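*Asks:* Handing you a structure now.
The values are calculated or read from the model by the stated rules, or taken from the named source; none is laboratory data. Since this is a predicted model, take the numbers as computed values, not measurements. Note that we place each Cβ from the backbone using ideal geometry, even for glycine, and neighbour counts take in every protein chain shown. Just so you know, the surface numbers come from the protein's heavy atoms only, side chains and all, with ligands and any DNA or RNA stripped out. Shrake-Rupley method; radii C 1.70, N 1.55, O 1.52, S 1.80 Å.
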Amino acid sequence: MISVNLQKKMIQVYHNNRCGKSREAIKIVEASGKEFEIIKYLENPPTFDELELLLKKLNYQPLDLVRQKE
């Protein structure tokens, strides 16, 4: 998942190295030349407040963050 930190104006990638889509997202952002932050969410899970803020930034509902086709 990719989001933009509105306070830092930096792209953030919530990354799982075992996920091919996540690795592809990293490649795309790297190719853009833009500065970004990798958040390894499995090692450092977001807090409830961080998830709430992320959902608000993305205008998502909680279910939108859950894979539906696996």
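*Asks:* Keeping every protein chain present and rolling a 1.4 Å probe, give me the accessible area per residue for the chain in Å².
*Replies:* 84 Å²
*Asks:* Please give the direction-averaged projected area of the C-alpha convex hull for the chain, in square nanometres with one decimal.
*Replies:* 5.1 nm²
*Asks:* At a 1.4 Å probe radius, carbon and sulfur cover how many percent of the accessible area of the chain?
*Replies:* That fraction is 52 percent.
*Asks:* Fully extended, how many nm does the chain gain between Arg67 and Ile28 (0.36 nm per residue separation, minus their Cα-Cα distance)?
*Replies:* Length gained, Arg67 through Ile28: 12.0 nm.
*Asks:* Taking the dipole about the Cα centre of the chain, with the C-beta of Lys and Arg at +1 and of Asp and Glu at -1, give me whichever of Leu55, Val29, Ile11 is farthest to the positive side.
*Replies:* Projecting each Cα onto the dipole axis, the largest value belongs to Val29.
*Asks:* So, taking all protein chains as they sit and a 1.4 Å probe, how much accessible area belongs to Glu37, in Å² rounded to tens?
*Replies:* Its heavy atoms expose roughly 50 Å² to the probe.
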